[in-house]
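Quick notes on the structure that follows.
The values are calculated or read from the model by the stated rules, or taken from the named source; none is laboratory data. All values reported here derive from a predicted model rather than from experimental measurement. Glycine gets a Cβ as well: all are built from the backbone with ideal geometry, and neighbour counts include every protein chain shown.
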Amino acid sequence: MENLKFRKAKISDLDEILRLNSALFKNEIDKKYDETLDADWSCSQGGNDYFRARITEQDGFVGVIESRNQIIGYLCGGVHNDKPLWRKIGKFAELENMLIDEKYRGIGAGSILAKEFINWCKKSGVERICVKASASNLKAIEFYRALGFNDYDLTLEYDFNISP
């Protein structure tokens, strides 16, 4: 097994996190999981601002996993203040996005990142964590289920470009 090391992300990691997020979007688009993603978002000011805020603000979490002092994956998430008013839940968080470099998948790096995020949520007083995955990305869905995430909502979309 690789010598894997988790740590919280720093601003100096931002370029590498943006590169990995860009790879995540490219993978989602190329495999036709979600072709509506903006492939250029990661390199935009909006992408930069989003990750910078998640790294620096108290309600955000960005973790990286390293092998031989090289970042091979990241996870970004955080507490949400816009919980549905119609649900009786307390503080909740979302695992918003994560990617492990393809060469390092299957060695536990993703599980380490996710468990660190789950522990951070617990320490932060979070009662529920959600994660969204493209419906056709079965590997991602299996991964999250193996971590203890359960099916809860199903989101359906009507696309005027392909619907009758």
message: For the list (1) of a type in the set (D, E, K, R); (2) crowded, with 18+ Cβ neighbours inside 10 Å; (3) closer than 22 Å to ASN137 by Cα; (4) touching a strand residue (DSSP E or B) at 6+ places or on another chain (Cβ under 8 Å), I need the number of the one condition that GLU28 fails.
response: (4)
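Any idea which residue in the stretch 56-68 is surrounded by the most Cβ atoms within 10 Å (Cβ to Cβ), counting only those that are within 24 Å of GLU127 (Cβ to Cβ) and of a type in the set (A, V, I, L, M, F, W, C)?
Kept after step one, since they are within 24 Å of GLU127 (Cβ to Cβ), are these residues of the stretch 56-68: 57-63.
Then keep just the ones that are of a type in the set (A, V, I, L, M, F, W, C); that gives 61-62.
Working: PHE61: 24, VAL62: 26.
It comes out as VAL62.
What are the residues in the stretch 55-70 that are within 15 Å of ILE107 (Cβ to Cβ) and either of a type outside the set (Lys, Arg) or touching a helix residue (DSSP H, G or I) at 6+ places or on another chain (Cβ under 9 Å) (or both), if any?
Listed by number, the residues that qualify are ILE65, GLU66, SER67, GLN70.
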So ASN69, is it polar (S, T, N, Q) and either at pLDDT 90 or above or under 10 Å from the mean Cα position of the chain (by Cα) (or both): yes
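Which ones in the stretch 106-120 are part of a helix (DSSP H, G or I) and either more than 24 Å from GLU16 (Cα to Cα) or without any contact (Cβ under 8 Å) to a residue 60 or more places away in the chain (or both)?
Step one: of the stretch 106-120, the residues part of a helix (DSSP H, G or I) are 109-120.
GLY110, SER111, ALA114, LYS115, PHE117, ILE118, ASN119, TRP120 - these are the residues of the stretch 106-120 that are part of a helix (DSSP H, G or I) and either more than 24 Å from GLU16 (Cα to Cα) or without any contact (Cβ under 8 Å) to a residue 60 or more places away in the chain (or both).
What about TYR152, is it of a type in the set (Phe, Trp, Tyr) and at pLDDT below 95? Don't jump to the end; show me each part of the working.
Values: of a type in the set (Phe, Trp, Tyr): yes; at pLDDT below 95: yes.
In short, yes.
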- prompt: at pLDDT 95 or above, surrounded by 10 or more Cβ atoms within 10 Å (Cβ to Cβ), among the aliphatic types (A, V, I, L, M) and farther than 23 Å from ASN27 by Cβ - does that describe any residue in the stretch 111-118?
  reply: yes
query: Going through the stretch 69-105 one residue at a time, which ones are crowded, with 18+ Cβ neighbours inside 10 Å, among the small types (Gly, Ala, Ser) and free of Cβ contacts under 8 Å to residues at least 40 places away in the same chain?
result: GLY78, ALA93
